[in-house]
Amino acid sequence: MHDLMNYHKFDLQLNKDDIACSVWNNLSKTANPSSNDLPERVLDEAHQLARVKAVCKTMKIIKTTDRQVFLEGGQALTSSLLVCLAGPAQSLFLAICTLGDLIDKRVDEYNRRGLAAHAYFLDVAGTCLIESAGRKLVKQVKNKFNSAGYKTTIPLGPGHSYWKNFIDQQIIYDLLNPKDLGVKILSSGMMLPKKTLSLVMGIGHELPPSKENHCHYCGIGHKCPLSRALRPAK
């Protein structure tokens, strides 16, 4: 189970419920009547432009403290929530997932052409797509580990209010080395293409209970347009 590197490629097909979020729904309602099919057209365009890929790795946990999880090789991830949920785990599952850069390039093109609504809709669609891609990957991974007799925590990731140490993004990036996916990382910890995310899950036999998804632990709460604190995971 440990130190396994796997590249995953899968088709991404979503329906309107999958992409539902307050930003998308509110913007759809305020669309110009003469172009009220724009959200649907842009969503179709996002599907066509998305090139979903992910790189994954499972690493053994060596020890934990009250704030850090130490992995084989000596790397440490710093998050008290990660320690709380994954501290008893035997391993951490790490992943980076991306849609590729075609959506980013098309958004930039729309902005250059003065098509602000097109650019905004496409950017929001891309964000919803990468979130859904992450959930789809997590579902596949959970099924794989569950069938082998292991339990998994909910996925967590650096950059959220419960995991403020964004330096950990660099650690995850270095461990996974997603350059073959076309993903690079800036000194700030931001990954490019923009529609790219990282996630971490604990893998073990006995894990503590948790809330349904990481949105319940986020300090932004329902102010976040993508919050799933009230909506069940798809």
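Annotations
- Selection of strands (runs of 3 or more DSSP E) fully inside the range 43-97 by the criterion of at least 3 residues being under 22 Å from GLU131 (Cβ atoms) and of a type in the set (A, V, I, L, M, F, W, C) returns 53-64.
- Among the residues making up the range 143-166, a single one is assigned to a helix (DSSP H, G or I) and touching a residue at least 40 places away in the same chain (Cβ under 8 Å): PHE145.
- Any chance VAL200 is in contact (Cβ under 8 Å) with a residue 40 or more places away in the chain, crowded, with 20+ Cβ neighbours inside 10 Å, closer than 13 Å to ALA95 by Cα and among the β-branched types (Val, Ile, Thr): yes
- Hits in the range 44-67 - residues which are among the polar types (S, T, N, Q) and crowded, with 17+ Cβ neighbours inside 10 Å: THR58, THR64
- Of all residues in the range 207-229, at least one satisfies being farther than 22 Å from LEU82 by Cα, modelled with pLDDT under 90 and in contact with a helix residue (DSSP H, G or I) (Cβ under 8 Å, 6 or more places away or on another chain).
- Some residue of the range 170-184 being within 20 Å of PRO208 (Cβ to Cβ), more than 15 Å from the chain's Cα centre (by Cα) and of a type in the set (Lys, Arg): no
- Subset of the range 55-72 (residues that are in contact (Cβ under 8 Å) with a residue 24 or more places away in the chain and either of a type in the set (D, E, K, R) or touching an Asp or Glu at 6+ places or on another chain (Cβ under 9 Å) (or both)): VAL55, LYS57, THR58, MET59, LYS60, ILE61, GLU72
- Residue in the range 100-142 that is surrounded by the most Cβ atoms within 10 Å (Cβ to Cβ), counting only those that are in contact (Cβ under 8 Å) with a residue 60 or more places away in the chain and farther than 17 Å from ARG51 by Cα: PHE121
- Odd one out for HIS118 among (1) modelled with pLDDT of 90 or more; (2) within 22 Å of LEU82 (Cβ to Cβ): (2)
The values are calculated or read from the model by the stated rules, or taken from the named source; none is laboratory data. Every value quoted in this text rests on a predicted model; they were computed, and no experiment measured them. Quick reminder, even Gly has a Cβ in these numbers, built from the backbone with ideal geometry, and neighbours come from all protein chains shown.
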